[in-house]
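What follows is a set of notes on a single structure, which appears directly below.
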Amino acid sequence: MNSIQQTKEKWKGKAKTELLGCKAEQVWPLLEDFFGLDKWFPTLSTCIPLEGISGKPGCVRFCGGFKTLVDEHGKQTLNWATEKLLSIDPIQRVFSYSIIDGNVGLHNYVSTIKVLEKDDGCLIEWLYEVEPVEGWKLEDLDLLIGSGLHEMGKRIQGALKTMQDALFGPRN
């Protein structure tokens, strides 16, 4: 028997979405609220604090009720994960977190979320790596995160437009 343990190469991916007309300094406070992901991520029904203070490394959130692309039709089980904030840098507008427990098969999952300034708005970038997930293809995870991030961007953009219109009147 060979004593060298075979290691699977981690899946790595990146998703991004542009928010035209939204400044990075407007978007960042909405994303740095680690316990408020359910306000923005589609299909996530619950995001509640388990430990610590939102935005402080080491805090832990419970996320439940999200859908994955490989969920069985008519599945009754609630998808859930507990996630820990690893680091945060409000100056660079970036934070990293890991999934520490859950029931969807994401093991050694780490994500980094960045908000980058652009001339005509900003860009949200979501980088991730995870051990290969049984029953999934990397494309499944890419689509789940990419479509989720795109919808998050639309929701954030809509919320900021509503605020702008309420405070300053609609723009032409």
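Answer with yes or no whether Ile88 is crowded, with 16+ Cβ neighbours inside 10 Å, modelled with pLDDT under 95 and either touching a strand residue (DSSP E or B) at 6+ places or on another chain (Cβ under 9 Å) or closer than 21 Å to Ala24 by Cβ (or both). Against the criterion (crowded, with 16+ Cβ neighbours inside 10 Å, modelled with pLDDT under 95 and either touching a strand residue (DSSP E or B) at 6+ places or on another chain (Cβ under 9 Å) or closer than 21 Å to Ala24 by Cβ (or both)), Ile88 does not qualify.
Looking at region 20-131, the strands (runs of 3 or more DSSP E) lying wholly inside it that each contain 1 or more residues that are among the small types (Gly, Ala, Ser) and at positive phi sit at 94-102, 121-130. Name the single residue that is farthest from Lys12 (Cα to Cα) among those in region 140-172 being touching a residue at least 60 places away in the same chain (Cβ under 8 Å) and touching an Asp or Glu at 6+ places or on another chain (Cβ under 9 Å). Only one residue fits best here, namely Gly153. Of the residues making up region 18-69, those that are within 13 Å of the chain's Cα centre (by Cα), surrounded by fewer than 17 Cβ atoms within 10 Å (Cβ to Cβ) and farther than 19 Å from Phe95 by Cα are Pro42, Thr43.
Within region 98-126, being farther than 21 Å from Glu25 by Cβ and in contact with a Lys or Arg (Cβ under 6 Å, 6 or more places away or on another chain) holds for Ser98, Ile100. Just one of (1) surrounded by 13 or more Cβ atoms within 10 Å (Cβ to Cβ); (2) within 16 Å of the chain's Cα centre (by Cα); (3) over 15 Å from Lys10 (Cβ atoms) fails for Ile100. It is (1). Within region 91-108, being under 18 Å from Pro57 (Cβ atoms), free of Cβ contacts under 8 Å to residues at least 40 places away in the same chain and in contact with a Phe, Trp or Tyr (Cβ under 7 Å, 6 or more places away or on another chain) holds for Ser98, Ile99.
The values are calculated or read from the model by the stated rules, or taken from the named source; none is laboratory data. For clarity, every value in this text was computed on a predicted model and none was experimentally measured. Positions of Cβ are generated from backbone atoms using ideal geometry, with glycine treated the same way; all protein chains shown enter the neighbour counts.
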